[in-house]
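Report on one structure; see the data block that follows.
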Amino acid sequence: KGLRSFEDILVPDSSYDDIDEVYLKKYLQMVGYSRSPREYLLQNKNFAKEKAGEIRLSVAAILLFGKNPQQFFPRARVRFIRYEGTEEKFGTEMNVIKDVIFEGRILEQIRQAVAYIQTQIKERTYLTKCGIFTTELEYPEFVRTVLVVNALTHRDYSIRGTEIQIKMFDDHLVVESPGNLPSQVKIDKIRNAHFARNSHIAEYLKDYKYVKDF
């Protein structure tokens, strides 16, 4: 329960000024919400609370709509690391050939990371038996997108000392997302278990067709 509710925790020193109102308005127009952005935050999903005339924002509100989420959560970001070879090496044998960080709001991180991985994957073009040239991608677009979306949707944002890391090797791709498996999700039941650690973040990404919430 504690892990799931972290997105609802109010962030000290936050205020309505930390919200990118233009960005939030575009989202509200898309979902058909007719009231003001301020009313939306105060009346929906525990995004904000007002006490003594002061508004405090939740973790989810800052990660989804903040002007600069990394001001409050420096490691709430995605890091792409490309290695030469098939294993990770350190020290004098370090084999990192690309190291790129994606920051901003969660939706921006998803779009940036997915687009960048596209530039790094191999493409193989060949002639089929039908006499037509076709191109196969090393990793299908659906797979790349789901890996990134799931990592950002379900990471444990209470862990502040590390970021999501996408590690690409010559023959495989690894995505590491901070946090243990949530609630009733276990290794032996992972194919059938369903639990959204960050339900508000998941619902937001569902509006953008990135999450099916099954």
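The values are calculated or read from the model by the stated rules, or taken from the named source; none is laboratory data. None of these values were measured; they are calculated from a predicted model. Cβ placement follows ideal geometry from the backbone for every residue including glycine, while neighbour counts extend to all protein chains displayed. Surface accessibility is based on the protein's heavy atoms, side chains included, excluding ligands, DNA and RNA. Shrake-Rupley method; radii C 1.70, N 1.55, O 1.52, S 1.80 Å.
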Pop the C-beta distance of Lys129 and Asn150 into the FRET formula with R0 = 35 Å and round what comes out to the nearest 0.05.
0.45
Multiply the residue gap between Thr86 and Gln29 by 0.36 nm, knock off their C-alpha separation, and tell me the result in nm, one decimal place.
15.9 nm
Other-chain or far-sequence residues with amide H under 5 Å of Ile164's (modelled H):
Arg77, Arg79
In the stretch 55-152, chymotrypsin sites (Phe, Trp or Tyr not before Pro) in a DSSP loop with at most 12 other beta-carbon atoms within 10 Å
Phe90
What would the Debye formula give as log10 I(q)/I(0) at q = 0.07, 0.09, 0.19 Å⁻¹ for the alpha-carbon point model of the chain, no solvent?
-0.27, -0.43, -1.42
For the stretch 146-214, just run the numbers: alpha carbon Rg, then divide by 2.2 N^0.38 Å, N being how many residues it has.
1.16
For Leu107, solvent-accessible area (1.4 Å; no DNA, RNA or ligand), Å²:
0 Å²
Per the Kirkwood definition applied to all pairs of different Cα atoms, how many angstroms is the hydrodynamic radius of the stretch 1-85?
14.0 Å
Which FRET efficiency value, to the nearest 0.05, do you get for Val174 and Gln71 by plugging their Cβ-Cβ distance into 1/(1 + (r/R0)^6) with R0 = 30 Å?
0.55
